[in-house]
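Structure first, then comments.
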Amino acid sequence: MIHEFCDFEIIGARKRVLNKGKFIDELNSFSNNKAVIQAINASVICGIEHIEFALKKALESWEKDPISSNLGIEILLHTLGLRQINKAIEKGGIEEGEADLCLIFSDINWKDLETRFDLERDDSILSPDKIDLKKIMDIFDISEEELNVVGSKKIPLLAREKISLLRYEK
């Protein structure tokens, strides 16, 4: 089942990425600059609630005071709680090889996307149980002390907290 939120669809997928630059260019061309599509490394996703929260905050920011001139990038920035595009791409961008992806898109048919890019649907990769804890701690600046106090089950909550604070950083 495709997860829908705020007129966007959110799915987990696997793909063998031979050239990430080419793949990103092809995704952008596929959207025809009319639709929105953002692919994020699934290892930085703390569950579907994380994506929903980040998407909501990105859309609010987009309406009021966007960080980026591209809604897909705005979504990436909010997903990672970062203001710097290069840093967000470095930490949460697509990797070459066997890639686990979180795809967030609107105005695109999933079956067309799946066929065009040879994607293998797997929403389980978006589970909070699948996160790369060290990577998440680095991205959201979560210390070992914080982790010891709240426990690893609260990592998604800490990520959402950091995303909330993004609008106050300048």
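Since every read-out is calculated from the coordinates, none of them should be taken as a lab result. For clarity, every value in this text was computed on a predicted model and none was experimentally measured. Note that each Cβ is placed from the backbone with ideal geometry, even for glycine, and that neighbours are counted across all protein chains shown.
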Item to check | Dipole in debye (nearest 20) - the stretch 3-168, about Cα centre, beta carbon charges: Lys, Arg +1; Asp, Glu -1 | outcome: 240 debye
Checklist entry - Which of Asn86, Val150, Asn19 sits closest to the plus end of the dipole of the stretch 3-168, meaning its Cα is farthest towards the positive end, when Lys and Arg get +1 and Asp and Glu get -1 on the C-beta? => result Asn86
Checklist entry - Rounded to the nearest 0.05, what FRET efficiency do Asn148 and Glu114 have when you use their Cβ-Cβ distance and R0 = 45 Å? => result 0.60
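Applying 1/(1 + (r/R0)^6) with R0 = 35 Å to the Cβ-Cβ distance of Glu169 and Lys34, what FRET efficiency is obtained, to the nearest 0.05?
On the way: r = 31 Å, r/R0 = 0.89.
Computed FRET efficiency for Glu169 and Lys34 comes out at 0.65.
Tell me the Kirkwood hydrodynamic radius of the stretch 17-118 in angstroms, computed as one over the mean inverse distance between distinct C-alpha pairs.
On the way: mean 1/r = 0.0719 Å⁻¹.
Value: 13.9 Å, from the Cα pair sum.
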Item to check | Greater than 23 Å apart at Cα, pairs in Lys15/Lys56; Lys20/Lys87; Lys57/Lys154 | outcome: Lys15/Lys56
Item to check | Whole-angstrom Cα spans of the chain along principal axes, big to small | outcome: 45, 34, 29
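How would you rank Val150, Val17, Val44, going from fewest to most other Cβ atoms within 10 Å of each one's own Cβ? Walk me through the intermediate numbers first.
On the way: Val150 13, Val17 19, Val44 23.
Lowest to highest Cβ neighbour count: Val150, Val17, Val44.
Got a sec? How would Asp141, Asp122 order by Cβ neighbour count within 10 Å, fewest to most? All intermediate terms of the calculation are to be shown ahead of the outcome.
Numbers: Asp141 10, Asp122 15.
Going from least to most buried by this count: Asp141, Asp122.
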Checklist outcome for this item: Along the dipole axis of the chain (charges at Cβ: +1 for Lys and Arg, -1 for Asp and Glu; origin at the Cα centre), the most positive-end residue among Tyr168, Ile136, Leu55 is Tyr168
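Which of Phe30, Phe140 has the fewest other C-beta atoms within 10 Å, and how do the rest follow up to the most?
Values: Phe30 15, Phe140 21.
Listed from fewest to most nearby Cβ atoms, that is Phe30, Phe140.
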